[in-house]
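The values are calculated or read from the model by the stated rules, or taken from the named source; none is laboratory data. Being a predicted model, the structure only gives us computed values, none of them experimental. Neighbour counts are summed over all protein chains in view; Cβ atoms, including those assigned to glycine, are modelled from backbone coordinates with ideal geometry. Only protein heavy atoms, including side chains, enter the accessible area calculation; ligands, DNA and RNA are left aside. Shrake-Rupley method; radii C 1.70, N 1.55, O 1.52, S 1.80 Å.
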Amino acid sequence: MNTLLNLLINGLSTGMLIFLLASGLTLIFGLMSVLNFAHGGFFAWGAFLGVWLFTVTGNFLLSFIATVIGGMVLGWIVEKILIRPVYGNHIRQLLVTLGGMLVLIELLRVFWGSNPIRAGLPKWLEGSIDVGGVIFIKYRLFVILVGLVIYVMILLLLNKTKIGIMIRAGVDNKEMVQALGINIKGVFSFVFLLGAGMAALGGFLLGPYSGVIFADMGMQYAVLAFIVVIIGGLGSIQGAAVASIIVGLAGAYTAYYYPDLSLAVNMLLLIVILLLRPSGLLGEKGGV
Amino acid sequence: MLRVENLETYIEQFHILQSVTFEVIEGTITVLFGRNGAGKSTTLRTIMGFYHVSRGGVYYKNEKLNGLPTHVIASKGIGYVPEDQGIFQHLTVEETFALAKKEKDPEGEAKAEWMLEIFPDLKKYWHKKSGYLSGGQKQMLAIARAYINSSGLLLIDEPSKGLSPLMVEKLMESIVKIKKKTTILLVEQNFFMSNHIGDYYYMMDDGKIVHQGFMNDLRKDKETVRKYLGIS
Amino acid sequence: MLILFTQIFIFAIFAMSYDILLGYTGIVSFGHCLFFGIGAYSTAIILNANDNTIGFFLLGIAIAVIAAVLISFLIGMLSLRLQSHFYAMLTLGFSELFLIIAEKWRSMTQGGDGFTFQVPEFLRDRFIFYFFTLISLVLIYILLRTFTSSSVGKVLKAISQNQKRTEALGFKVLHYKIIASVIAGVVAAYSGALYAVTLRFVDPSVFSIETTLDALLMTMIGGVGTLFGPILGSGAVEFIQHYLSELGTEYSIFERWPIFLGLLYIIVILGFPKGIVGTFKSTVIKRKENRKEKEGLLKHSA
Amino acid sequence: MDALLETRNLSISFGEQEVIRDVNFKAPKGKFLSIIGPNGAGKTTLFNLLSGQLSPTKGEIYFKGQNITNLSAAERARMGMGRSFQLTNIFPELTVLENVRLAVQSQRKDFYSILPKPAKYRKQLEEARRLLDMVFLKEKEDYLAINLTHGEKRKLEIAMLLALKPNLLLLDEPTAGISVEEVPVILEVIENIKKDSENTIVLIEHKIEMVLALSDYLVVIFNGELLVEGEPGVIMQDERVQNAYLGGLSHAASGKS
Amino acid sequence: SDSSSSEEEKDTIKIGVLASLTGALEAYGKQTVRGFELGLDYATDGTGEVVGKKIKFIVEDTETKPDVAVKKATKLLEEDEVDFLVGSTSSSDTLAVLPLAKEYKRIMIVEPAAADSITGDNFNPYIFRTGRNSSQDAVAGAAAIAKEGVRIATLAQDNAYGRDGIAAFIEAAKERSAEIVAEVYADPNATDFTANIQSAISEKPDYLYIVWAGSNAPWKQLKDMKVQEKGIKISTAVQDIASLKTMDALIGMEGYSIYYHTLPDNEINDWLVEEHKKRFDGEIPDLFTAGGMTAAIAIVEALKKTEGDTDAQLLIETMEGMEFDSPKGKMKFREEDHQALQSLYSITLENQEGVDHPVPVLIRELDMNETEPPIRNQ
Ligand SMILES: Nc1ncnc2c1ncn2[C@@H]1O[C@H](COP(=O)(O)OP(=O)(O)OP(=O)(O)O)[C@@H](O)[C@H]1O
Ligand SMILES: Nc1ncnc2c1ncn2[C@@H]1O[C@H](COP(=O)(O)OP(=O)(O)OP(=O)(O)O)[C@@H](O)[C@H]1O
Ligand SMILES: [Mg+2]
Ligand SMILES: [Mg+2]
């Protein structure tokens, strides 16, 4: 029973972390339909920036906020230079952002060297609480909390404002949105930098999760984030959340009960879900 | 209200509009005629700022429009119904309305209501994705969207395309109604329809204005009609 | 630099096979390395388990081809109905699965570090193998060119532009897509086999997404849907990478040479969206048109 | 009468909404049928069902005496059913000629040939040029289809349709967006097809004069149901049709002609 | 001048060094290269010459891609006509290059790639390895903790490195009559290792033995799961200094080390530490610096014995069984598989004043006989 609970809690929090990594991508890839491979670069930058800021200032919340802002600035630059010219063309997006990813990762090495770096935590988040054999790792509870907050914020943003509609309309027919007096380029930039900010946040939180950060972490988690967005159904933030939790829990339970499957579990999930539901869990069936 | 002077537009290396000049008077319906490929749609698109103007100017309420980005032009109150309807396939009717409604426009709600009155079908499919609407329903949506979004001038590119006679009739009625509130520049091949509702017309051919006058006069001028529209 | 050219030829074959999917059929696959890897592993395993004779080399290729046909057919049947993004991710899933198999089926693949093996005497000479790959490249180019200008090839081009319309004309789109995948898969498997033979070594990195992305990059830089483009693309990518890395060991400003590589990719993709061949073609066409126009004017004035 | 196409209780729903309900209709061989009805009545959907773009929730479709309800769009096309689309639907980045040639190819039964056959190819090109000539597009054969005007695209569509040598032609508003002066051209093309007595044509069209000029038989769809069918003269007088579809305009239009 | 330059060529011994200088393993690659350079200086007394011949070395970046490694190695062998190859950082790169050594009949010194199969299944006579292999690691790991009646659980990455490491460890541990109670492998790229840790410690072992390489390590999660507080001791290999900085969760653990600058006690190592600090801004030599140095010393020693003759056959005969001094003390190329037998160090991790990372403190040196691995190339 304790084991089951431990697995549940850890699986859930890992799921939440994955959701944080994927949430930015749901906006950028799911909603705006930009195949952004540099997303992994945003994670890694978020992680390094966060750890560096935390070491320098010693203030976790300040580093938290500054990292998100830093991620947004990065997103703004990337959008302006790389994405602007290639909206609507997936292959070129993929390759341009791949180039961007190379540059971002190498720049990390220029600034912080090529060694892994320890990601620390403030005292109040360190350690774990043992309640009758069930171990609650404080930081993981914190991650679950942040994940929930972000989830609600994105839902509000998409449902209570016109931004979501604008973007979907913009993907369908950019000219026409402009003809409605909407500066769609501005909206796209905004959402892109928001997504980048969220990616940076994900990276920031990922660092202390495992305790180490390294330049190559980006690519690895980028693929994971793409998987989650696809499994969830493009553009569906609820779908991404559900998929993240499934991936998190599946990871925990297979690692415990069927360890031989753990390497393959994400890919098997992806394959099975797509074969059963060709447009993802909460994606729309069939296109227009 | 809208003045187009010596407009020259190139698309890539093709010289499409060649010194087009015309004017749309406030409170009227001005019709742009011409055969396929004459340059009617290009004219509208140029006004909306989709194409770069190489010479000449577009003036709206004496303000120069060319050179401004499309969304700025649109926010001056010009609504646009494109030739291919420009439907947002993945938005529901409701969402399309929400998108079209301007935050600051106090009449937005009333306009939307009125459009639903004129096109009850839209009300019926309020939660349906626009991509699934029938051809005619899409046309209605496009017009409603432009009207709600605009405040002064509507540019409409072939609205009667694909509408049933009953619908065309309704549309005519509604355009006449709309005319009381906005000025309209209409591109229309349906001579019958434009004949009924137009006040003033310009005839385009090969990227140039070749004829113009009052609609009333054109009705009598069988010669011109036959020459450019092939109708007797 | 015989070996550099040999590898360029091999990747050119691989990139051409990708072009059949991407450029000619409009299928985006993130798992094309799957076939490359199957080719590499089949050949390597057969040669390692048996004598290093030409016979077993050919057997390895035969097995690679058969496996590629079966797997591409199966995956195609299962998933080519999916919409593009989903299909791309699904292929990524399959290729990652093969990567895991290559790591975990240690009795067969010797695990993640890979293994070395002996190649036939005849192919051991670098010079001979260089010609062998060159001839392979030329032959496959001709074969694929033939294929793309065949009826099926034309239909593929149509599918890439408007799938629904193609269907309405009476073509069974799924069949054509499967044909394209199978052919692309077989060619990719062949290139994988050659790759293993040049290295005399194989490891699971042949199944990694980087392998697919390399092919994609080569195809894009060379020019999508041109078949000749991927050959140039392969040359360009390999050369650039090779010389940048050389610069990296020689000059300390180039120590972080991947930055320059990334920037170069960005510049090329943004600056030459049609790739080398595409850009060349369109400039030539423009020039021709200009000339025509001038001639026309002359005629008029005359 | 020998029906080339027949539907039995054909129905389809999207979610709650039943867009086509129990439609039974017959298209006799060699006749010219027009389907009219208000916007959103379900005409295009009916076409989509007939040509296999959608599959019905209920009912059957018979073509040439065979039940084709479960055949794919491609298979139906091969049986001799051709359709045009309400929105233009072409291969934008291919030349005009190549667009038509592809359609010709689909009729030549060498579906899966992976070897080029230049002689055959040349024949297909000839045929394609002939068809382009029929729709007055020959001059533009080297244009990329995307660069045509709307009207030209429609003509191209018809040429592609003709290339299929269909026994049954489904035309969805072939003249929408075509200038008045060009309409006769398309009319001429359609009449050409009609002359071949083998061919059955089903037309969706809102231009009532055109419908009257061409049709042997009218089918009125209203709210997804078959409202009435019959000879044009009879239908035009039907009060229900006038209320639901024609409106006051019909009088004006018919009065004029 | 043509003849003189070719004369010079003839009198120059060229060595090609393959290492990962970019990408995930670049820190290791750079250590090897530094160490190699220092080693040449040391072994030639700063002259850069051995028995009158100049030694020149050329470094190439394998980018941790086997095909690039082969390309670069071929370039070294054909264009630069090197007499020796040294490398490489990753086992895959190294394996890919092995056949070339045989084809071109040149000696290759493997350093620091650790896969057993290099001197096992994929062995060829031109291969000599100065680096330790996974089995030696495992034997050292076992020597550090395995005793009669000790219950051990293992945790490793589910890849070749982890699987080979654990297999060899279990063999060695069983020889020492320890009991293995759980054997757990984790996805090396996973975000969360708590489930694996939980499964490993569910049998309440005395020790949790871990084989792990790479950055994405479970150290912090071990602490989060309160493993040590439950009375389970952790044991693993100590890595490079950068990784040590991330291992503060493991203070107190007992494990082994391949190299840490304070562990070996000999003059060569003193020289290495001294010289390294001098040349590199006060930095201390790291995990694979000593290995790079050892590779250089081995080559120079062999050349001294052959009097500068680079004939591969002669070199093989000379080097088989050759003993030489290294920063890690005496080493010996075993005749059967050319693996250098060497010392490893049983250690415990401690916090030390003024050092920004946990410091491995010597418990005892495991000498080359104690760490001798099984022969696997037959
Ligand atoms: N993107 C383009 N590239 C090249 N030529 C174009 C492009 N768009 C339009 N044209 C050309 O510009 C001319 C005018 O086109 P436009 O669409 O304005 O005509 P139109 O009067 O609206 O015709 P229609 O009644 O068919 O809609 C046509 O000859 C057309 O071929
Ligand atoms: N895929 C779909 N999903 C949901 N509703 C659909 C779908 N396709 C069509 N509809 C609905 O079915 C009804 C009939 O549409 P259809 O396109 O057949 O009309 P139509 O008779 O062709 O009209 P028009 O003359 O305007 O083209 C419409 O109300 C439309 O919204
Ligand atoms: Mg137009
Ligand atoms: Mg319709």
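Observations
- Scanning the range B:140-159 for residues that are more than 7 Å from chain D (Cβ to nearest Cβ) and within 16 Å of ligand 1 (Cβ to nearest atom) gives B:Ala142, B:Leu155, B:Ile156, B:Asp157, B:Pro159.
- Of all residues making up the range E:86-145, the number that are closer than 15 Å to E:Ala73 by Cα and more than 14 Å from chain C (Cβ to nearest Cβ): 5
- B:Gln137 being at the interface with chain D (Cβ under 10 Å from one of its Cβ atoms) and closer than 24 Å to B:Ser75 by Cβ: no
- Among the residues making up the range C:141-191, those that are in contact with a Gly (Cβ under 8 Å, 6 or more places away or on another chain), over 27 Å from D:Asn48 (Cα atoms) and among the aliphatic types (A, V, I, L, M) are C:Val182, C:Ala188, C:Ala189.
- Residues satisfying the stated conditions in the range C:154-206, i.e. in a helix (DSSP H, G or I), away from chain D (no Cβ under 14 Å) and open to solvent by 10 Å² or more (accessible area, probe 1.4 Å): C:Tyr190, C:Tyr195, C:Ser205
- For D:Leu46, the requirement of being under 20 Å from D:Ile20 (Cβ atoms) and either within 14 Å of chain C (Cβ to nearest Cβ) or within 16 Å of ligand 3 (Cβ to nearest atom) (or both) is not met.
- Tally of residues being open to solvent by 90 Å² or more (accessible area, probe 1.4 Å) and of a type in the set (Val, Ile, Thr) across the range C:266-284: 1
- Residues in the range D:14-30 that are open to solvent by 10 Å² or more (accessible area, probe 1.4 Å) and either within 20 Å of D:Ile201 (Cβ to Cβ) or within 16 Å of ligand 3 (Cβ to nearest atom) (or both): 5 in all.
- If the condition is being in contact with a Gly (Cβ under 9 Å, 6 or more places away or on another chain) and within 13 Å of another protein chain (Cβ to nearest Cβ), then the range A:122-143 contributes A:Glu126, A:Ile137, A:Lys138, A:Tyr139.
- Helices (runs of 4 or more DSSP H) enclosed by the range B:133-216 - at least 1 residues per element that are within 16 Å of ligand 3 (Cβ to nearest atom): B:135-149, B:191-197
- Residues of the range C:1-48 that turn out to be within 9 Å of the chain's Cα centre (by Cα) and assigned to a helix (DSSP H, G or I), as a count: 13
- Taking the listed residues C:Ser181, C:Ser84, C:Ser150, C:Ser160, the one that is touching a Ser or Thr at 6+ places or on another chain (Cβ under 7 Å), more than 18 Å from C:Gly39 (Cα to Cα), in contact (Cβ under 8 Å) with a residue 40 or more places away in the chain and polar (S, T, N, Q) is C:Ser160, with no other qualifying.
- In the set (1) of a type in the set (Phe, Trp, Tyr); (2) within 16 Å of ligand 1 (Cβ to nearest atom); (3) touching a helix residue (DSSP H, G or I) at 6+ places or on another chain (Cβ under 6 Å), B:Tyr202 fails one condition alone, (3).
- Filter result for the condition that a residue is under 15 Å from the mean Cα position of the chain (by Cα), of a type outside the set (Gly, Ala, Ser), buried (at least 18 other Cβ atoms within 10 Å of the Cβ) and more than 16 Å from ligand 1 (Cβ to nearest atom), over D:Leu10, D:Leu33: D:Leu33
- Hey, C:Ile209 under 24 Å from C:Ile20 (Cβ atoms), away from chain A (no Cβ under 14 Å) and of a type outside the set (Lys, Arg) or not: no
- A:Leu145 vs. criteria touching a residue at least 12 places away in the same chain (Cβ under 8 Å), in contact with a helix residue (DSSP H, G or I) (Cβ under 9 Å, 6 or more places away or on another chain) and open to solvent by 20 Å² or more (accessible area, probe 1.4 Å): no
- Cross-chain or 6+ apart pairs with Cβ under 9 Å, the range B:100-119 first and of a type in the set (Lys, Arg), then in a helix (DSSP H, G or I) and open to solvent by 40 Å² or more (accessible area, probe 1.4 Å): B:Lys101/B:Glu109; B:Lys102/B:Ser75
- Qualifying position, being touching an Asp or Glu at 6+ places or on another chain (Cβ under 6 Å), within 16 Å of ligand 1 (Cβ to nearest atom) and open to solvent by less than 10 Å² (accessible area, probe 1.4 Å), among B:Gly86, B:Gly34, B:Gly57: B:Gly34
- Among (1) crowded, with 18+ Cβ neighbours inside 10 Å; (2) facing another protein chain (nearest Cβ under 8 Å); (3) within 16 Å of ligand 2 (Cβ to nearest atom) - the single one B:Tyr80 does not satisfy: (3)
- Residues of the range D:176-218 classified as within 14 Å of chain B (Cβ to nearest Cβ) and either more than 16 Å from ligand 3 (Cβ to nearest atom) or open to solvent by 70 Å² or more (accessible area, probe 1.4 Å) (or both), total: 16
- Of everything in the range D:222-231 that is within 14 Å of chain B (Cβ to nearest Cβ) and in contact with a strand residue (DSSP E or B) (Cβ under 6 Å, 6 or more places away or on another chain), the residue that is surrounded by the fewest Cβ atoms within 10 Å (Cβ to Cβ) is D:Leu227.
- Considering the range B:104-132, the residues that are part of a loop (DSSP other than H, G, I, E, B) and touching a strand residue (DSSP E or B) at 6+ places or on another chain (Cβ under 9 Å) include one that is least open to solvent (accessible area, probe 1.4 Å), namely B:Tyr125.
- Lone qualifier among E:Lys105, E:Lys14, E:Lys65 - being of a type outside the set (Asp, Glu) and without any contact (Cβ under 8 Å) to a residue 60 or more places away in the chain: E:Lys65
- One residue alone among D:Leu132, D:Leu162 is open to solvent by 10 Å² or more (accessible area, probe 1.4 Å), more than 14 Å from chain B (Cβ to nearest Cβ) and within 24 Å of D:Ile204 (Cα to Cα), and that residue is D:Leu162.
- Selection from the range C:88-124 of residues that are outside any helix (DSSP H, G or I) and either within 10 Å of another protein chain (Cβ to nearest Cβ) or within 23 Å of the chain's Cα centre (by Cα) (or both): C:Gln110, C:Gly111, C:Gly112, C:Asp113, C:Gly114, C:Phe115, C:Thr116, C:Phe117, C:Gln118, C:Val119
- In the condition set (1) at negative phi; (2) within 16 Å of ligand 1 (Cβ to nearest atom), B:Gly162 is compliant with all but (1).
- Of the candidates E:Ala182, E:Ala200, E:Ala190, the single residue that is assigned to a loop (DSSP other than H, G, I, E, B) and within 29 Å of A:Val134 (Cα to Cα) is E:Ala190.
- Within the range A:208-232, the set of residues being open to solvent by less than 10 Å² (accessible area, probe 1.4 Å), at pLDDT below 90 and more than 9 Å from chain E (Cβ to nearest Cβ) comprises A:Gly218, A:Ala222.
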